[in-house]
1. Is it possible to state the helix-based mean residue ellipticity at 222 nm for the chain, with each DSSP H run of 4+ residues giving -39500 (n - 2.57), the sum divided by total residues, to the nearest 500 deg cm²/dmol? What is it?
2. Sort 142, 115, 182 so that the residue with the fewest other Cβ atoms within 10 Å of its own Cβ comes first and the one with the most comes last.
3. Segment 232-249 to segment 140-162: how many Å between their Cα centroids?
4. Taking the alpha carbon gyration tensor of segment 25-157, what are the square roots of 5 times its eigenvalues, largest first, to the nearest whole Å?
5. Rank the residues 37, 271 as a footprinting-exposure proxy: fewest other Cβ atoms within 10 Å of their Cβ go first.
6. For a quick protection proxy, order the peptides 172-181, 62-71 by their average other-Cβ count within 10 Å, most packed first.
7. What's the extension gain from residue 294 to residue 263 if we count 0.36 nm per residue and subtract their Cα-Cα distance?
8. Evaluated at 4 °C with a viscosity of 1.567 mPa s, what Stokes-Einstein diffusion coefficient in µm²/s does segment 197-312 have when Rh comes from the Kirkwood expression over alpha-carbon pairs?
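We did not get these values from a lab; they are worked out from the coordinates using the rules stated. No experiment lies behind these values; they were computed from the predicted model shown. Every residue, glycine as well, gets a Cβ built from its backbone with ideal geometry; the counts of neighbours run over all protein chains shown.
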């Protein structure tokens, strides 16, 4: 009788490719924070310890978490991104993100590929995609990483080691990857933003206006008219895609920008409040505390204290 132990089950192709991709990302992302790469649309992220909640503006992108665990808050909706899951964001949205699990031995590792709506639109004119189940889909969504998505992504990241090949082959691989995303679980989210004349594109135009004029008074009826929608339709589809109303979106933009002004330009609280569109500094301080977890000055002091620690 053979008493030898059975050999361990071999890794699947998905496991092997994910392990290789994780190793490449860790090799290039040597320090904490964002690391740009030779391919401008591709960036890497590393965290060696759990973090406090931070604010960010997510552009249309593919985000893959390869190691660790993150919380992402979109409006009041929380997304738990575990390793081996990819995030699709199809429209500019302000979020709060927090690294929940990371260590120096097992850092939180992510990669982000910025997506171009124009290139997505090129595929929509060539490929007949299935109709989405609903008229509008959430602009941010998570899915398990599949071989269809991982295979071109790994080939793209491998090209970082072949700088001569990168400018010629990367655009071809990106095009294949966009096709895989469009025909995958979250394809409806991408397609609705790039489809000419669709409600998603109207919401995208409303968002561009809000980003440009976040510090101006907002009248929903005027914004709706600008994007050729009724006020009720704008409100409904805006919330469907972004998980917040246009007014809530504007408030998030204001509070994110105010934090930047306080942190990087040394503004006092009243000046920052005025520059982002608040008439009442006390209202600004209340809303800032709710969003960032502390009053403005205490929050900024904490961030400045943490910065040297992260740099070291």
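1. -15000 deg cm²/dmol
2. Fewest-to-most Cβ neighbours within 10 Å comes out as 142, 182, 115.
3. Here the answer is 31 Å between Cα centres.
4. 25, 18, 13
5. 271, 37
6. In decreasing order of mean packing, 172-181, 62-71 become 62-71, 172-181.
7. Extending this stretch completely gives an extra 9.8 nm.
8. 84 µm²/s
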